[in-house]
Structures are given as C-alpha cells and as structure tokens.
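Colleague: First the structure, then my questions, so here it is.
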Amino acid sequence: MGRAGRNPRTQRTQAALILAELESVRARLTVLERGSARREQPQLTGDNTPSSDTLDTIQEGMAKEEELAVRETLVERLQVLARAEEKIREGTYGACEACGMPIPPARLRALPEAILCLSCAEAEEIRAVQGGRK
Ligand SMILES: [Zn+2]
C-alpha cells in the first residue's frame with residue numbers, strides 16, 4: 001500500500017485555502033491603494049500652524065514608507081499565491097516547480113502556497129541572497 005501520495009481531499013482543502021488567501025490579499029491591496037489615493041489629495045484645512053504641518057509631513061512620510069513596505073509584501077504574496085493557484089488548475093499542485101518531486105504534505109499544510117520543495121526553496125533563497133540586487 002502506497003502512503004497516499006495524492007490525496008484529492010487535501011488538495012481541495014489547500015486550494016480553498018489558497019483562493020481565500022488570494023482574495024484577502026487582493027482586498028488588502030485594494031484598500032491600500034484607495035487609502036493612498038485619498039492621501040494624494042491636497043488637504044485644505046484652515047489650520048496651518050507650521051509646527052503641526054511639519055509633524056504631519058513627518059508622520060505622513062513614515063506612513064507612506066510603511067505602506068510601501070506592506071504593499072511590496074502583499075504584491076509578492078499575491079504573485080506566489082497566483083502561481084500556486086495556477087498549479088492547482090494545471091494539476092501540478094503539490095509537485096516542486098524546480099525538481100518535480102512531491103512537496104511533503106506537512107510543508108503544504110504549513111505553507112499552502114509552496115511551489116518548491118524545501119531543498120529547492122532553500123537553494124532559491126541562497127541564490128537570491130547571493131545573486132542579490134538586480
Ligand atoms: Zn524541489
């Protein structure tokens with residue numbers, strides 16, 4: 001008896017998880033974009049004491065930087081999730097994208113969007129660190 005290499009029920013659960021996550025990441029990105037669009041508008045408030053203005057600018061700059069970081073993380077996550085979803089549709093979900101070996105179910109449970117087995121993911125990480133900046 002083979003130890004259930006393919007379990008359709010598990011795959012369906014993982015697919016649902018990925019889709020739900022994809023939706024929530026998309027929703028957060030939309031909210032973020034709406035928020036920054038609102039901030040781009042010039043603020044015409046009566047109060048223009050220089051000190052509060054300066055503070056506002058500083059706080060705004062910080063908020064913006066934070067927002068950019070969050071957005072970058074979300075976009076990256078969106079790409080990974082979208083790729084995982086594609087693999088589900090292709091029927092290759094659960095197989096490592098690089099070496100084709102099955103990804104251990106424990107890894108998929110912990111990281112439903114995993115498209116690489118652990119050793120390939122590690123190799124990729126090392127490459128990313130060494131290859132460094134574009
Ligand atoms: Zn692999």
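Colleague: Exactly one condition in (1) under 20 Å from the mean Cα position of the chain (by Cα); (2) open to solvent by less than 90 Å² (accessible area, probe 1.4 Å); (3) of a type in the set (Val, Ile, Thr); (4) within 16 Å of the ligand (Cβ to nearest atom) is false for Thr73; which is it?
Modeller: All conditions are met except number (4).
Colleague: Can you pull out every residue in segment 114-123 that is within 9 Å of the ligand (Cβ to nearest atom) and assigned to a loop (DSSP other than H, G, I, E, B)? Quick ask: steps written out before the conclusion?
Modeller: Step one: list which residues in segment 114-123 are within 9 Å of the ligand (Cβ to nearest atom), which gives 116-121, 123.
Residues satisfying the conditions are Leu116, Cys117.
Colleague: I'd like the full set of residues that are β-branched (Val, Ile, Thr) and closer than 19 Å to Ile88 by Cα, limited to segment 112-129.
Modeller: Selection gives Ile115 alone.
Colleague: Let me confirm something: among Ile126, Ile58, which residue is open to solvent by 70 Å² or more (accessible area, probe 1.4 Å), modelled with pLDDT of 90 or more and away from the ligand (no atom under 12 Å from the Cβ)?
Modeller: Numbers: Ile58 fails: modelled with pLDDT of 90 or more.
Unique residue meeting the criteria: Ile126.
Colleague: Of the numbered conditions (1) within 16 Å of the ligand (Cβ to nearest atom); (2) within 15 Å of the chain's Cα centre (by Cα), Lys87 satisfies every one except a single condition; which is it?
Modeller: Lys87 satisfies every listed condition except (2).
The values are calculated or read from the model by the stated rules, or taken from the named source; none is laboratory data. This is a predicted model, so every value here is computed, not measured. Positions of Cβ are generated from backbone atoms using ideal geometry, with glycine treated the same way; all protein chains shown enter the neighbour counts. Each accessible area value is taken on the protein alone, full model and side chains, heavy atoms only, with ligands, DNA and RNA left out. Shrake-Rupley method; radii C 1.70, N 1.55, O 1.52, S 1.80 Å.
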